[in-house]
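Working notes, beginning with the structure itself.
The values are calculated or read from the model by the stated rules, or taken from the named source; none is laboratory data. These numbers come from a predicted model, not from an experiment. Here Cβ is always computed from backbone atoms with ideal geometry, including for glycine, and neighbour counts include all displayed protein chains. Surface accessibility is based on the protein's heavy atoms, side chains included, excluding ligands, DNA and RNA. Shrake-Rupley method; radii C 1.70, N 1.55, O 1.52, S 1.80 Å.
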Amino acid sequence: MGTEQEISRAPIGVFDSGVGGLTVAREIMRNLPNEHIVYFGDTARVPYGSKSKDTIIRFSRQIIRFLQTQEVKAIVIACNTASALALDEVEKEFDIPIIGVVKPGARVAAAATKNRRIGVIGTESTINSHMYPRLIHEQDPDITVFEKPCPLFVPLVEEGWLKDSVTEEVAKRYLDELLAQDIDSLILGCTHYPLLRSLIRGIVGEQVNLVNPAYETAKELELLLKEKHLENPGTKAPVNEPYRFFVSDAANKFKNFANSILPYDIETTRKIHIEEY
Ligand code: DGL
């Protein structure tokens, strides 16, 4: 990469197993409008949430190598599973600032709870890593954390069943157990889950605070860019394709989904062979 000024104009790399990370990209777009984004959704290999740590580290390495070919200046792992299982490892290996979503989510939930009883929902791999309770206890060891894997949520979201009665029935079964524990905060510990926010809200009621780690992640990214003098100063001239999207499969399906949740329309989504990286 070139001069300091050119580097600050470089995009942010954002990745997830599929569409879930768009909930994080959306927050970055809202909060950091000068920043450009290269998004990668690993649609050929979704779901990540049932895979082993080694596999998730291998996938994350490949994606980071691909994003580096796009000359990104920083990377956001917009996936709780990869943040919980691979962030510590890839942070050591790559010479580029990388942040995940789990630390910001744990921090904001620990600060928000009043009764010190927090629920966490996520994929099986995220929950089995117990990364959320570990990081919450670093903030406050007196908080009790109740965890519940919700493996059916990701396929239901990828299918677009965001307000379906089947999804609602599944959500009730998953959440009843947590609600019985008198939690006052619930971490949506998978980036697909904010897409089910209104359905989940209907089940947990107004008294439970729903924590979406995406907001806090966008703030952490802002701080990181400031600290490293990497903020994009912006330009007056319109930039060709400030947001670029890549997937490992089914580009059109991804594009249609993305257009239903992002505040603007994506024109192209490109398919790449991620195994080559
Ligand atoms: N959206 C991802 C997460 O935040 C992964 C979902 C999956 O692929 O299982 O955990």
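Just name the residue that is surrounded by the fewest Cβ atoms within 10 Å (Cβ to Cβ) out of those in region 105-127 that are assigned to a helix (DSSP H, G or I) and of a type in the set (S, T, Y).
Within region 105-127, the match that is surrounded by the fewest Cβ atoms within 10 Å (Cβ to Cβ) is S125.
One residue stands out among those in region 16-30 that are more than 12 Å from P194 (Cα to Cα) and touching a Cys at 6+ places or on another chain (Cβ under 7 Å): the one that is farthest from the ligand (Cβ to nearest atom), which is D16. Counting only residues that are assigned to a helix (DSSP H, G or I) and in contact with a Leu (Cβ under 6 Å, 6 or more places away or on another chain), which one in region 50-91 is least open to solvent (accessible area, probe 1.4 Å)? Looking at the filtered set, the residue picked out is I56.
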